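Written below as structure tokens is the structure these notes are about.
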Amino acid sequence: MTEVLVEVRACSVNHLDIWIRKGLPHFSLPLPHILGADVSGVVTAIGEEVEGVAVGERVFIAPGLSCGHCFACANGQDNLCDHYSILGEHRQGGYAEYVSVPRENIFSIPKGLTFAEAAAFPLTFLTAWQMVVRKARVSPNQTVLVLAAGSGVGNAALQIAKLFGARVMATASTLEKLAQAKSQGADELIQTGVDNLLEKVKIFTEGKGVDVVIEHVGEATWEESIRAVRKGGRVVTCGATSGYRAVTDLRHVFYRQIEILGSSMGSRADLYPIIEAVRKRELFPVIDSVLPLEEAGTAHRKMEQRKQFGKIVLE
């Protein structure tokens, strides 16, 4: 046995939980199903073949699971594995008292982090790291437009882009969220539904457009995202919370030589630099609220209504 049993102390809520609860096309699950991808807790039992983990250890769980032996896994790209799955999606998750996962998904909680904080960063920071660092290749002094900076992925992308020396323009729906984005390091602010995004980007970049757009909203923002990027720039997308039937004017793509890059999750290997940055407090999980597990429904409604800034955590 190479599994580790973890007593769950905290599990954060992701949009993935809502999509699974509502149902996805061509995706069926045996019921009852337990949601929850981001888990922290205490090791209570280990398999006979497990090494390097002790009962009683404070840990968090890497949410992505893979076969561990295919070319993608051996090449450090486990999120491209044909058998890749996510805790709480394809496998029973963390809205529970206990969860069992393979040894390779167990990581020690960085010193000084609470269980809630440890459950608030793995999925979103891993997703944002691949988008900002691997796909968009953000470097110092580049301009990055981060959509929905109050979301988990948006806030993580904002922090990572700043860590790599970028100038960040952040969008959010309220002045309160924009103020929080400013406190996280955003250089320029754009209020969704009030400001004209393209006009603001044009002013902030002297008409050039941004180097990178971090896009995870989808249908509602896609056309503006394409138009907001400069010649030769990159649009990286990891989701479609507002819908997936986005329209792309191909003239913008080929004439301005825009790169459109799809991104999903990230490799477990990228958790190591993320953990180190969190340990140094260069990156930090932002928690909107902590609720008891019994109030998961309240947490889902709050996320669906876009009332949170950062992560909602269940304990």
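The values are calculated or read from the model by the stated rules, or taken from the named source; none is laboratory data. If you're wondering where the values come from, they're calculated on a predicted model, not measured in any experiment. We place every Cβ from the backbone using ideal geometry, glycine too, and count neighbours over all the protein chains shown. Please note that ligands, DNA and RNA were not included when accessible areas were found on the heavy atoms of the full protein model with its side chains. Shrake-Rupley method; radii C 1.70, N 1.55, O 1.52, S 1.80 Å.
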List the number of the failed condition for V53; all other conditions in (1) in contact with a helix residue (DSSP H, G or I) (Cβ under 7 Å, 6 or more places away or on another chain); (2) open to solvent by 50 Å² or more (accessible area, probe 1.4 Å) hold.
(2)
Return the pairs, sorted by first residue and then second, in which the second residue is outside any strand (DSSP E or B) and not acidic (D, E), the first residue lies in segment 26-48 and is open to solvent by less than 40 Å² (accessible area, probe 1.4 Å) and modelled with pLDDT under 90, the beta carbons are less than 8 Å apart, and the residues are 6+ apart or on different chains.
none
Single residue of segment 162-213 satisfying the filter (open to solvent by 20 Å² or more (accessible area, probe 1.4 Å) and polar (S, T, N, Q)) that is nearest to the chain's Cα centre (by Cα):
Q184
Heads up, the helices (runs of 4 or more DSSP H) in segment 92-190 (entirely inside) with at least 1 residues that are within 24 Å of G207 (Cα to Cα) are 152-163, 175-183
Could we say that S151 is under 13 Å from the mean Cα position of the chain (by Cα), more than 30 Å from E3 (Cβ to Cβ) and of a type in the set (S, T, Y) here?
yes
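So that you can scan it fast, the table gives a plain yes or no per residue for (1) among the small types (G, A, S); (2) touching a Cys at 6+ places or on another chain (Cβ under 7 Å):
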| site | (1), (2) |
| --- | --- |
| F27 | no, no |
| I61 | no, no |
| C70 | no, yes |
| I86 | no, no |
| H90 | no, no |
| G94 | yes, yes |
Enumeration of residues in segment 145-161 that are farther than 20 Å from L197 by Cβ and at pLDDT 95 or above:
A156, Q159, I160
Cβ-Cβ below 7 Å, separation at least six or inter-chain, first residue in segment 193-213 and farther than 14 Å from V144 by Cα, second among the hydroxyl-bearing types (S, T, Y): which pairs?
G193/S173
Return only the number of the condition from (1) under 22 Å from the mean Cα position of the chain (by Cα); (2) on the phi < 0 side of the Ramachandran plot that G243 does not satisfy.
(2)
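One line per residue, one yes/no per condition, for (1) surrounded by 16 or more Cβ atoms within 10 Å (Cβ to Cβ); (2) hydrophobic (A, V, I, L, M, F, W, C); (3) under 18 Å from the mean Cα position of the chain (by Cα); (4) within 23 Å of V13 (Cβ to Cβ):
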| position | (1), (2), (3), (4) |
| --- | --- |
| A62 | yes, yes, yes, yes |
| E89 | yes, no, yes, yes |
| A96 | yes, yes, no, yes |
| V101 | yes, yes, no, yes |
| P122 | yes, no, yes, yes |
